[in-house]
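Since the structure comes first, as structure tokens, the remarks are kept for the end.
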Amino acid sequence: MIYLLYGTDEVARDEFLQRKLIDRLRALPGGEFNLDRFDGQTAPIATIIACCQALPFLAEKRMVIVQGLSARAKGGRGVSSEEPIASRSGARGRGRPARGDDSELRELWEFLPHLPASTHLVLIDERPLPLPPLPPGLVYRQDFEAPKPWKLAEWISARARVRKVRLDRGVADTLAALVGPDLRRLDQELAKLALYCGAQPVREADVRLLVAPSETTVFALLDGVADGRPGAALAALRRLRQQGQAVEALLPQLAALVRRLLTARALQAEGRSLAEEGTAFGLSSNPRALERLARQAARFTEDDLERAYALLLACDRAIKRGEGDPEIEVELLVAELAGVASSGPPT
């Protein structure tokens, strides 16, 4: 059996993995000795395959858990499930290019139809992996989608019921406002509130006493702009201002973001790998950061990014010439940048 567990709700995803899969395996005779975990970003694919092929030790089943395979795909794209396996393997011997896909991932995909019946392979990722065509019933998929910002309080209420914490919607709203969309921290805060309040309902005063407000970093602002979420970008900008951040100091950060997006967009257009060549162009070497940047850059055209540069230049000139209030100018800039991918060309 292959389990494909994906999505950004890490709390629900990890709970399903632990309770539905790992705990059940450990309850079987010898189950504890047949559980292997791999970091999908760094573990050799040959080692993962060899582990999957190994017979269980004094048991009927073995479980192999691999997390984060999508970070290995060149350009963050992964292997297309629409391309036949034969064309991804035998064609290479005939001099046909591999279409920019990671050769190690192709090796794993080609192995999947031959997965032994004694092995449960669990693939965990933030997004669905493009698996090749497989026999019916071999793959179990589940999406653990993180809640939208306006549904965060509902997620908190549902999670509170799991932890047997009593709170009303107003308290959930307060907790959401203080912590933000960090689901793992929200779950930890609920656990802390459960210990503090016991069987008593959680009040807003309890939340404000025990839960420290999240510090907003400039990365929340940059991600809101690059992801095309004006509301999130503006909310991050206002929190940064409340924390004492000078808005003029944010302009170089926004300009650097546009430069990174333009660089990634150009490399993608040429079919080049961000993971292999990105550092030579000043991009991060972190696989997760590169995966996110590749996804963000794909939203933009070259014209979009040229328009973004024009908006940055106009804002910088207006501030330096004293033609407008810096806070208002930067707020307008952030709103425009977050919507630039859906805007027309500058007039």
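At-a-glance table
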quantity: Relative contact order of the chain, pairs being alpha-carbon contacts under 8 Å that are 6 or more residues apart, as %; calculated: 18 percent
quantity: Pairwise label distance in nanometres, Arg141 with Glu10, each label 7 Å out on the Cα-Cβ vector; calculated: 2.4 nm
quantity: Other-chain or far-sequence residues with amide H under 5 Å of Gly7's (modelled H); calculated: Asp125, Glu126, Arg127, Phe144
quantity: Karplus-derived 3J(HN,Hα), 6.51/-1.76/1.60, for each residue of region 320-334, Hz, glycine and proline x; calculated: 5, 8, x, 8, x, 6, x, 5, 5, 4, 5, 4, 5, 4, 4
quantity: Cβ-based exposure ranking for Tyr140, Tyr6, in which fewest neighbours within 10 Å come first; calculated: Tyr140, Tyr6
quantity: Amide proton proximity set for Val122, modelled H, under 5 Å, gap of 5+; calculated: Tyr3, Val64, Ile65, Val66
quantity: Amide hydrogen neighbours beyond the local backbone of Arg141, cut-off 5 Å, H modeled; calculated: Leu4
quantity: Estimated vicinal HN-Hα couplings, Hz - region 269-284 in sequence order (Karplus 6.51, -1.76, 1.60; Gly, Pro = x); calculated: 4, 8, x, 9, 8, 5, 5, 8, 10, x, 4, 5, 10, x, 8, 5
quantity: Calculated from backbone phi, Karplus (6.51, -1.76, 1.60) coupling profile of region 154-163 in Hz, x at Gly/Pro; calculated: 5, 4, 4, 4, 5, 5, 4, 5, 4, 8
quantity: Centre separation in Å (Cα based) which lies between region 19-41 and region 182-246; calculated: 34 Å
quantity: Order of Ile156, Ile48 under a 10 Å beta carbon neighbour criterion, fewest first; calculated: Ile48, Ile156
quantity: Matching label, Rg and Dmax of the Cα atoms in Å computed from the structure shown, candidates [x] 22.6, 70; [y] 23.9, 77; [z] 21.8, 73; calculated: [y]
quantity: GluC sites (Glu not before Pro) restricted to region 188-280 and DSSP loop, no more than 13 other C-beta within 10 Å; calculated: Glu215, Glu270
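We did not get these values from a lab; they are worked out from the coordinates using the rules stated. Note that the coordinates shown come from a computational prediction; the quantities given were computed from them, not determined experimentally. For neighbour counting, all protein chains shown are included, and Cβ atoms are generated from backbone atoms with ideal geometry for every residue, glycine included.
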